[in-house]
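Novice: Just dropping this structure here.
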Ligand SMILES: [Zn+2]
Ligand SMILES: [Zn+2]
């Protein structure tokens, strides 16, 4: 039901074009070894419902569409990297999720120029981008992060007073692996995101909890600067080498709420730089290199200009609030490819569970299969 029908395709045409155009743009400076051998296109192999005419432009112009005639969902298909049977998943042993809090898609990958996210735009040549990725639940910070981490849409009170109902990827991972809490972390500029470390479900509440480092000094201590979060995130990565981590940067959202358009855009650029620096650090770390997935996403967008007070706020179901970024980089994913199928925020947890080989007992999302190679 999420596959594009005729109406969806035409309505989303401009967005798809934008996403797919990313693929075209990345052709020119192709020197990355990884990209040269990248699969042709997701759309032609992933979904017969996808537009084959547009999908052919998503892939590398030098690549053919014949690289994979096997149904994408067949896990027995050979891994194109080394020929070993692809019996499941994965090379990934670590997943780092970076959340830029609350930019609109129209200022990130929906902007043809990518002028505010030059670093992510370059990273895209090594990753896979979903052109139509949505928060289909409550488009606020706590609910959005809850959806990312638990695979459930809940209409959470948004100041940190209420825990998510269901266990998160962190709790499920720590329980499944028996690893110590320091192998899973939530590092956030917003103190209220400490709720991501726990849940209400009997048997899970107060158990298998990850480490949290949120706000000035934990829940109800207030927000802290993104630069502090950036430094803390680096320290945690270097010190503990967590297998699973979420990092939240708040400034984009805060500047938006302050009705400071210029500072909102500047915050997007600054967060873009943090993301690149963290990615580079991870790739330079022998413990992480080649076995770490980085997912770059948002908790929500912001109103379209034509809705309420425009970019200043968010929280309803308008396209601006719902449409968000999903860019993923890792050893198990395609590279330099845009996917035009419709996926949503709760699908992240199912995908992370597949990557790290545990089950999400309560998650409602599905694995984002077309991003895997
Ligand atoms: Zn937010
Ligand atoms: Zn809205």
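Novice: Inspect region 223-234 for any residue being farther than 25 Å from residue 264 by Cα and either out of contact with any helix residue (DSSP H, G or I) (no Cβ under 9 Å at 6 or more places or on another chain) or surrounded by fewer than 24 Cβ atoms within 10 Å (Cβ to Cβ) (or both) and give the result as yes or no.
Specialist: First, pick out the residues of region 223-234 that are farther than 25 Å from residue 264 by Cα: none.
No - not one qualifying residue is present in region 223-234.
Novice: Given 268, 282, which one is part of a helix (DSSP H, G or I), in contact with a helix residue (DSSP H, G or I) (Cβ under 6 Å, 6 or more places away or on another chain) and away from ligand 2 (no atom under 16 Å from the Cβ)? Show your work before the answer.
Specialist: Working: 282 fails: in contact with a helix residue (DSSP H, G or I) (Cβ under 6 Å, 6 or more places away or on another chain).
Being part of a helix (DSSP H, G or I), in contact with a helix residue (DSSP H, G or I) (Cβ under 6 Å, 6 or more places away or on another chain) and away from ligand 2 (no atom under 16 Å from the Cβ) holds for just one of 268, 282, which is 268.
Novice: Mind checking which residues of region 189-213 are under 17 Å from residue 179 (Cα atoms) and either within 16 Å of ligand 1 (Cβ to nearest atom) or part of a helix (DSSP H, G or I) (or both)? Please lay out each step first, then the result.
Specialist: Here is the first cut: in region 189-213, the ones under 17 Å from residue 179 (Cα atoms) are 197-198, 204, 206-212.
Answer for region 189-213, where residues must be under 17 Å from residue 179 (Cα atoms) and either within 16 Å of ligand 1 (Cβ to nearest atom) or part of a helix (DSSP H, G or I) (or both): just 197.
Novice: Quick check: is even one residue across region 255-264 closer than 21 Å to residue 146 by Cβ and surrounded by 24 or more Cβ atoms within 10 Å (Cβ to Cβ)?
Specialist: The first filter runs over region 255-264 and keeps only residues closer than 21 Å to residue 146 by Cβ, leaving 256-257.
From what is left, the residues that are surrounded by 24 or more Cβ atoms within 10 Å (Cβ to Cβ) are 256.
There is at least one residue in region 255-264 that is closer than 21 Å to residue 146 by Cβ and surrounded by 24 or more Cβ atoms within 10 Å (Cβ to Cβ).
Novice: Condition (residue is more than 22 Å from residue 152 (Cα to Cα), at pLDDT 95 or above and surrounded by fewer than 24 Cβ atoms within 10 Å (Cβ to Cβ)) applied to region 201-214: is it met by at least one residue?
Specialist: Checked against the condition, which is being more than 22 Å from residue 152 (Cα to Cα), at pLDDT 95 or above and surrounded by fewer than 24 Cβ atoms within 10 Å (Cβ to Cβ), region 201-214 yields at least one hit.
Novice: Taking the stated definitions as given, is residue 247 part of a helix (DSSP H, G or I) and in contact with a helix residue (DSSP H, G or I) (Cβ under 7 Å, 6 or more places away or on another chain)?
Specialist: no
Novice: For residue 185, only one of the following conditions fails: (1) farther than 23 Å from residue 157 by Cβ; (2) in contact with a strand residue (DSSP E or B) (Cβ under 7 Å, 6 or more places away or on another chain); (3) in a helix (DSSP H, G or I). What is its number?
Specialist: Evaluating residue 185 over (1) farther than 23 Å from residue 157 by Cβ; (2) in contact with a strand residue (DSSP E or B) (Cβ under 7 Å, 6 or more places away or on another chain); (3) in a helix (DSSP H, G or I) leaves (3) as the failure.
Novice: Only one of (1) within 16 Å of ligand 2 (Cβ to nearest atom); (2) buried (at least 16 other Cβ atoms within 10 Å of the Cβ); (3) part of a loop (DSSP other than H, G, I, E, B); (4) in contact (Cβ under 8 Å) with a residue 24 or more places away in the chain fails for residue 321. Which number is that?
Specialist: Every listed condition holds for residue 321 apart from (3).
Novice: If residue 313 satisfies every condition in (1) under 18 Å from the mean Cα position of the chain (by Cα); (2) within 14 Å of ligand 1 (Cβ to nearest atom) but one, which is the exception?
Specialist: Only one criterion in (1) under 18 Å from the mean Cα position of the chain (by Cα); (2) within 14 Å of ligand 1 (Cβ to nearest atom) is unmet by residue 313, namely (1).
Novice: Then there's this: For residue 286, all conditions in the list (1) closer than 19 Å to residue 301 by Cα; (2) without any contact (Cβ under 8 Å) to a residue 60 or more places away in the chain hold save one; what is the number of the exception?
Specialist: (1)
Novice: Looking at 138, 150, 125 in this structure, which one is surrounded by fewer than 24 Cβ atoms within 10 Å (Cβ to Cβ) and either touching a helix residue (DSSP H, G or I) at 6+ places or on another chain (Cβ under 6 Å) or closer than 22 Å to residue 243 by Cα (or both)?
Specialist: Working: 138 fails: either touching a helix residue (DSSP H, G or I) at 6+ places or on another chain (Cβ under 6 Å) or closer than 22 Å to residue 243 by Cα (or both); 150 fails: surrounded by fewer than 24 Cβ atoms within 10 Å (Cβ to Cβ).
So the residue among 138, 150, 125 that is surrounded by fewer than 24 Cβ atoms within 10 Å (Cβ to Cβ) and either touching a helix residue (DSSP H, G or I) at 6+ places or on another chain (Cβ under 6 Å) or closer than 22 Å to residue 243 by Cα (or both) is 125.
Novice: Taking the options 363, 301, name whichever one is surrounded by 21 or more Cβ atoms within 10 Å (Cβ to Cβ), within 16 Å of ligand 1 (Cβ to nearest atom) and part of a loop (DSSP other than H, G, I, E, B).
Specialist: Details: 363 fails: within 16 Å of ligand 1 (Cβ to nearest atom).
The unique qualifying residue is 301.
Novice: How about region 133-152: which of its residues are within 15 Å of ligand 1 (Cβ to nearest atom) and in a loop (DSSP other than H, G, I, E, B)?
Specialist: Within region 133-152, 135, 137, 138, 139, 140 meet the criteria.
Novice: Output the number of the condition that residue 276 fails; it satisfies all remaining conditions of (1) in contact (Cβ under 8 Å) with a residue 60 or more places away in the chain; (2) buried (at least 16 other Cβ atoms within 10 Å of the Cβ); (3) part of a loop (DSSP other than H, G, I, E, B).
Specialist: Only one criterion is unmet by residue 276, namely (3).
The values are calculated or read from the model by the stated rules, or taken from the named source; none is laboratory data. Not measured: the values here are computed from a predicted model. Here the Cβ is made from the backbone with ideal geometry for all residues, glycine too, and neighbour counts use every protein chain on show.
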